[in-house]
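Some notes on the structure that comes next.
A short reminder: the numbers here are calculations on the coordinates, not readings from a lab. What you see is a predicted model; the values in this text were computed from it and never measured. As a convention, Cβ positions derive from the backbone with ideal geometry for all residues, glycine included, and neighbour counts pool all protein chains shown.
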Amino acid sequence: MTSAIMPTYAPADIAFEYGEGIYLFSPEGKKYVDFSSGIAVNSLGHSHPHLVQAIQNQAGKVIHYSNLYKILGQELLAKRLVDNSFASSVFFCNSGAEAVECGIKIVRRHHVQNGNPEKTRIITCSGGFHGRTLAALSAAKNEKHTAGFFPMLDGFDQVSFDNLDQMQNAITNKTAAILVEPIQGEGGINNADTNYFKKLRSMAGEAGILLFMDEVQTGIGRTGKLFAHEWAKIQPDIMAIAKGLGGGFPVGACLANEKTTKTMAPGTHGSTFGGNPLASAAANAVLDIVLDDGFLDDVQRKGIYLKNQLAFIVAKHKFLGEIRGQGLLVGVVCDDSVVNLDIVKEAEARGLLTVPAGNNVIRFIPPLIITETEIDEGLSLFDQACNSFNC
Ligand SMILES: *Cc1c(COP(=O)(O)O)cnc(C)c1O
């Protein structure tokens, strides 16, 4: 049967009927260990009682009304994000790409408002990913994603990730901001050391430009800090978040510091659905858990455990190499004798869901609520999948 869904995806022939914790179950009753979390989305796993309850309660009261009126859950959510970050205000939207889009608009308007309308260009890093809208594609300049969709939006320059000289040389009097992920997720869990981000922060400050971080994948506890830039002890001016924020309910947000907040006045930006009562209730429920005492320390501890245990498996299979990432955003690099997707498919057949990333990397992004025993269970399936690739 041909599908009526527009063929932009090539889904595996697997569906899920329900989920519980780190597990998903197919209609045939087959159990899967979920190390994909809907691509870093299901931060609390599946059917988390607190999240389910919050969504049910809110749905029974009011699901949606517009930002023409005050949304108290959204006010609370914004306050909590501000209290726990560098930001002074938050704009809510529905996805990562929209959060990035909002940030791009803030960057441009900030310099207009400050009497520097020539500062319009944003420097991004190769291997980055910012979503699939035209602005996000124009920013990331990934040829696989832009092919067939030209013309791109003007105003983006690109340098190599983790290269300070190139970044410094790319800054001109037309530069408005640097847009960078703390860890390139889609690009292959590409890390840079904390010094890189410290230097980007000082470079941006000296040039009078903004530091805009895309934490759509790394934010909301994924790396063991609420936001990954905290590892470098720096503060961006603008930050996009989304994936883990709603625990599976679509919600994105763009956070701005005091000076960039001032840029945006009534009418400068908007969203019909952004931060509606149901979305805000879901995100507040996620924050209840993630901000709980010790939760993020636990994510750090479990991330180290995952990496250590993975190292034993890597040692057994010669096509597996470097282990990268932070917290529960972990990747392992495959050499060119294998294709990451083949291993992902083999693991899937054995009941483990992982996600391929750029540079032939396999991503392990389990729910943040996973236990060490459950990490062992998933990794054992991964080890078995790898066994069928040993020559
Ligand atoms: C997933 C992702 C996006 C895009 O998010 P969507 O919700 O798919 O629009 C943007 N930036 C990063 C870093 C991402 O990982």
Would you list which aspartates and glutamates come within 16 Å of residue 307, measuring only between C-alpha atoms, while excluding same-chain residues fewer than 8 positions from it? 297, 298, 322, 372, 374, 376, 377, 383
Under 17 Å Cα to Cα from residue 174, which lysines show up? Leave out anything in the same chain fewer than 8 places away. 105, 119
Going by how many other Cβ atoms sit within 10 Å of their own, how do 37, 26, 202 line up, fewest first? 202, 26, 37
Please compute the modelled spin-label separation between residue 62 and residue 39, points set 7 Å along Cα→Cβ, answer in nm with one decimal. 3.3 nm
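Sequence gap at least 6, Cα distance under 8 Å: using those rules, report the relative contact order of the chain to the nearest whole percent.
For the chain, the relative contact order is 23 percent.
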Helix-derived [θ] at 222 nm for the chain: sum -39500 (n - 2.57) over DSSP H runs of at least 4, divide by residue count, nearest 500? -11500 deg cm²/dmol
To the nearest Å, what is the center-to-center distance of segment 111-134 and segment 197-222, using C-alpha atoms only? 13 Å
Hey, can you grab everything whose amide H is under 5 Å from the amide H of residue 210? Only 5+ residues off in sequence or another chain; H modelled, so Pro and N-termini drop out. 177, 178
Positive-end residue, the chain charge dipole about Cα centroid, Cβ charges, pick of 273, 182, 69: 69
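Past 24 Å, Cα to Cα, is the threshold; run 30/345; 199/302; 79/259; 144/243; 30/318 against it and keep the listed order.
On the way: 30/345 16 Å; 199/302 29 Å; 79/259 17 Å; 144/243 22 Å; 30/318 30 Å.
Long pairs (Cα-Cα over 24 Å): 199/302; 30/318.
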Classify segment 76-134: rounded, prolate or oblate, from the alpha-carbon gyration tensor (a ≥ b ≥ c, eigenvalue square roots; a/c under 1.5 rounded; otherwise prolate if a/b is larger than b/c)? oblate
Simple spin-label model, 7 Å along Cα-to-Cβ: residue 83 to residue 259 in nm? 2.8 nm
